[in-house]
Structure formats: C-alpha cells, structure tokens
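Worksheet: the structure to be examined is printed underneath.
The values are calculated or read from the model by the stated rules, or taken from the named source; none is laboratory data. The model shown is predicted, which means the values in this text are computed figures rather than measured ones. Note that we place each Cβ from the backbone using ideal geometry, even for glycine, and neighbour counts take in every protein chain shown. Heads up: the accessible areas ignore ligands, DNA and RNA and are worked out on the full protein's heavy atoms, side chains in. Shrake-Rupley method; radii C 1.70, N 1.55, O 1.52, S 1.80 Å.
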Amino acid sequence: MKKIFIHLLMWSVVTVLSSPASLYGSNVPDLINYQGFLTDALGNPVAPPGEYTVEFRIWDHKTATEAAHVVWGRAFKVVVVEGRFNVILSDDGDAIANVPATSIADAFADAERYIQLTITTTPL
C-alpha cells in the first residue's frame, strides 16, 4: 500500500494553542480542527472516496526522521470525498506505536511544529 506524507507548518495552530487558557476560561478543550486535501503521486485527489485511517504526527523539526523528534501522534478515521477531509485532532485518537503519549496541548510547548500525515488504510 502506498503511503502519502504531507508536511505542513502548523503556525495557526501554534498561535491558538499558545494563547493563555485564562483568556478563554478554564475549560478550553485540547482540540484542533484540521482540514486537508489528499492527493496521489500525480496530484490527483485520492480515490476511492470513503473512510481512510490516517496517522497524524507532530514533529519538532521539519526534516527530522528519528522517532525522538516526534512530540505527538494519533490515528483517526477520516471520510475523504474528492480528496477533501476534516478531522478533529485530540488525545482521543488511537495510539501509534513508538510515539509519545503526550497531550496535544503539550506538543505545542515550543513555537515551531510540523505535521505529518500517513494513510494507513483505504476504503475497500
């Protein structure tokens, strides 16, 4: 099975998560609404439409490949239609082997973070 990797700078997420919780009250959920567009190697939307399992990893360096640089990761089932999907990233996703069990809020302790997506299962 082909894996698709997408690396994006999460500057907008860092801005939201680095704001003091006291500005929003004490019950701010640790959630990130993430929208994306998945393509194949030729730039076409992935097919077929349906439910994919996607692993999301947050890294502390844009070119790192060693597991020591992964600061958060979870797997989620996402519905993909014409390449487009939406997912709420949270600590409720499925654990990924060899990825720290830190909270998503703690993953943004530093200002610069990068996200990687890996499709692990596709619709039948």
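Taken over segment 91-124, the residue count meeting the criterion of being open to solvent by 10 Å² or more (accessible area, probe 1.4 Å) and assigned to a loop (DSSP other than H, G, I, E, B) is 21. Taking (1) out of contact with any Gly (no Cβ under 9 Å at 6 or more places or on another chain); (2) assigned to a loop (DSSP other than H, G, I, E, B) in turn, A47 satisfies each apart from (1).
Here is a yes/no grid of residues against (1) under 28 Å from A97 (Cα atoms); (2) modelled with pLDDT under 95; (3) within 12 Å of the chain's Cα centre (by Cα):
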| site | (1), (2), (3) |
| --- | --- |
| P20 | no, yes, no |
| L23 | no, yes, no |
| S26 | no, yes, no |
| I32 | yes, yes, yes |
| F37 | yes, no, no |
| N44 | no, no, no |
| G50 | yes, no, no |
| E55 | yes, no, yes |
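For segment 30-68, which positions are within 15 Å of R113 (Cα to Cα) and buried (at least 19 other Cβ atoms within 10 Å of the Cβ)? Passing the criteria: I32, Y34, F56, R57, I58, W59.
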